[in-house]
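Let me begin by presenting the structure, written as structure tokens, before commenting on it.
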Amino acid sequence: MTKPVFRFAPSPNGRLHLGHAYSALLNADFAKRFGGRFLLRIEDIDIARCRPEFEAAIYEDLAWLGLVWESPVRRQSEHFSDYRAAFLRLKERGAVYPCFCSRKEITAAIACQETETDRPWPRDPDGTPLYPGTCRNLSDEEAERRIASGEPHAWRLDSAQLQRMLPGPYRYRRFDREGREEIVAADPWRWGDTVVVRKETPTSYHFSVVLDDALQGITHVVRGQDLEAATDLHVLLQTLLGLPTPLYHHHGLVLDQTGDKLAKSRQSTSLAEARAAGLDPQAIRQRLGF
């Protein structure tokens, strides 16, 4: 019987905090209890923000917590060719289209629509306004001309086309800490025409994470509740690419004293700072319930 495979996949764009520690420890705990494997993946597609010193700090912090992972570690920035090959499969199926809009142009178009209709524009589960489809109906000739001229562009899923091609229904399995499973309905269409290849990077978070999980044989994805809604989109991409769908567990988030989730962008206390303040790994584990 194949062993279950778990992974912890941080981005090296800042120091790890208690929220990261909880997710890493929970993945390792699941792997131990289920007799599985524990992998570490470095999600560094954002070359502008990811830095070598932060990657080195990830290894240091996780080792300090007492975690052990398999080698070699998969670094996304070394596998852009994998994402490119998968993207071409989507393109051949007519599942994507090029988008030349800037964020400013998208914001202006949505504001205009909201003014004209006196209604709020629909949002995705993260609260971001859905793309208004400005570039969806460009002719192939115009799109190719603009690409050939070097105009910056991203690639978006054509959700209207995909609803005709692959209407669903979509489902995935989730599991709890006792290993019990249940089937969950997924609704990828609430994400609209999501970007799968960014202007500055030959992939996106959603696209690369789905491919990496398949390429690494991940059978169980354990991550925070803030990514639960994104699973709907990931199931769609897995279906499009003919990839297996792992089981999912979305754990509660570690919150600060104000009730907000910990985040690098808010300078939440890092593991390095906790270590400098005299906390030891056992204290961190006990604080997080391990």
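We did not get these values from a lab; they are worked out from the coordinates using the rules stated. Since the model is a prediction, treat every value here as computed from it, not as a measurement. Counting neighbours? That spans all protein chains shown, and the Cβs are built from the backbone with ideal geometry, glycine included.
Here the relative contact order of segment 171-260, from alpha carbon pairs under 8 Å that lie six or more residues apart, stands at 34 percent.
Quick check: net charge around Cys50, other residues with Cβ under 9 Å of its Cβ, Lys/Arg +1 and Asp/Glu -1? Walk me through the numbers before you get to the answer.
Details: positive: Arg49, Arg51; negative: Glu43, Asp44, Asp46, Glu55.
Net local charge, Cys50 excluded: -2.
Each Lys and Arg Cβ is given +1 and each Asp and Glu Cβ -1; about its Cα centre, the chain then shows a dipole of about 580 debye.
The magnitude of the dipole of segment 104-215, with charges of +1 and -1 set on the Cβ of Lys/Arg and Asp/Glu and taken from the Cα centre, is near 180 debye. In this label model, Arg164 and Arg180 are separated by 4.4 nm, measuring between points 7 Å along each Cα→Cβ vector. Note down the net charge around Trp191, summing +1 for each Lys or Arg and -1 for each Asp or Glu among other residues with Cβ under 14 Å from its Cβ. Counting the neighbours of Trp191, the net charge comes to -4.
Charge tally for Gly66 (other residues, Cβ to Cβ under 14 Å; Lys, Arg +1; Asp, Glu -1): -1.
Using a cutoff of 8 angstrom between alpha carbon atoms and counting only pairs six or more residues apart, the relative contact order for the chain works out to 23 percent. Placing a pseudo-label 7 Å from each Cα along the Cα-to-Cβ vector at His251 and Glu142 gives an inter-label distance of 4.9 nm.
Report the far tail of the P(r) of the chain, meaning the percent of Cα-Cα pairs longer than 31 Å. Please list the in-between numbers first.
On the way: 14206 of 41905 pairs.
Result for the distance tail: 34 percent.
For Cys101, Cys112, the sequence from fewest to most other C-beta atoms within 10 Å is Cys112, Cys101. For segment 72-180, just say rounded, prolate or oblate: build the C-alpha gyration tensor, square-root its eigenvalues into a ≥ b ≥ c, call rounded for a/c under 1.5, and beyond that prolate if a/b exceeds b/c, oblate if not. Note, shape of segment 72-180 comes out oblate. Return the whole-Å distance between the Cα centroid of segment 1-62 and the Cα centroid of segment 213-241. Here the two parts' Cα centres lie 16 Å apart.
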